[in-house]
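Shown next, in structure tokens, is the structure this report addresses.
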Amino acid sequence: MKVFSRLFPAVLVVPGFLAGVLLGRTIDLPWPPGGAAGAEAPHGSVTYSLKERVFNLADPGGGRYIKLEVVIEFDDPTAAGLKGEAYLKRQEEFGRELAPVKARLDDVLLTTVTSRTSAELLRPEGKEALRSELKTKFGHVVHEPKVRDVFFAQFVIQ
């Protein structure tokens, strides 16, 4: 009985691992987009990351911070169907195209986030309101291409 109890986890784990390996190689899983490389633009979009940073929040008495990384998705018909290196090259080109307005995007992010309190941002609807406001304000800074969406790659409140 002791031998069986020691081998029991291996009896379950090994077949499960092998099944995962075999199925993972034969089924095109939806995540990450584009398979393992994750570098594909099926809908004609590119993303631009406003690198991770820490902001003070507007809580009374101060002392509350948010560590945030925002990624902006833009419509880009020229990126439709690009994969791998071609898509990564388009991402880099797009980053250079946005360089002249980067300071304005950073300013929008700073002023919008620092006007919020931790209580607002800890609620799901507070996060969605921030996302919506940022999408609108980023759209005022970058008229073309159109801002498709805003993602929070990191969102930590302390």
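The values are calculated or read from the model by the stated rules, or taken from the named source; none is laboratory data. Quick caveat, the model's predicted, so the values are computed rather than measured. Positions of Cβ are backbone-derived with ideal geometry, glycine not excepted, and every protein chain shown enters the neighbour counts.
Matching residues to (1) under 17 Å from Glu52 (Cα atoms); (2) at pLDDT 95 or above; (3) out of contact with any Asp or Glu (no Cβ under 8 Å at 6 or more places or on another chain):
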{"residue": "Gly81", "(1), (2), (3)": "no, no, yes"}
{"residue": "Lys127", "(1), (2), (3)": "yes, yes, yes"}
{"residue": "Ser132", "(1), (2), (3)": "no, yes, yes"}
{"residue": "Thr136", "(1), (2), (3)": "no, yes, yes"}
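List, please: which pairs have Cβ atoms under 7 Å, are six or more places apart or on different chains, and start with a residue in region 98-124 that is on the phi < 0 side of the Ramachandran plot and in a helix (DSSP H, G or I) and end with one that is surrounded by 12 or more Cβ atoms within 10 Å (Cβ to Cβ) and of a type in the set (Phe, Trp, Tyr)? Partner pairs satisfying both residue conditions: Leu98/Tyr48; Leu105/Phe138; Val108/Phe138; Leu110/Phe55; Val113/Phe55. With respect to the conditions (1) modelled with pLDDT under 95; (2) more than 24 Å from Leu57 (Cβ to Cβ), Gln158 falls short on a single one, namely (2). Looking at region 63-78, is at least one residue loosely packed, with under 14 Cβ neighbours inside 10 Å, part of a helix (DSSP H, G or I) and at pLDDT 95 or above? The answer is no, given that none of the residues of region 63-78 is loosely packed, with under 14 Cβ neighbours inside 10 Å, part of a helix (DSSP H, G or I) and at pLDDT 95 or above. Of the set (1) touching a residue at least 40 places away in the same chain (Cβ under 8 Å); (2) surrounded by 13 or more Cβ atoms within 10 Å (Cβ to Cβ); (3) not hydrophobic (A, V, I, L, M, F, W, C), all apply to Glu133 but (1). Scanning region 140-156 turns up no residue that is in a helix (DSSP H, G or I) and of a type in the set (S, T, N, Q). Restricted to region 84-97, and to residues there that are within 16 Å of Lys51 (Cβ to Cβ) and touching a residue at least 24 places away in the same chain (Cβ under 8 Å), the residue that is surrounded by the fewest Cβ atoms within 10 Å (Cβ to Cβ) is Gly95.
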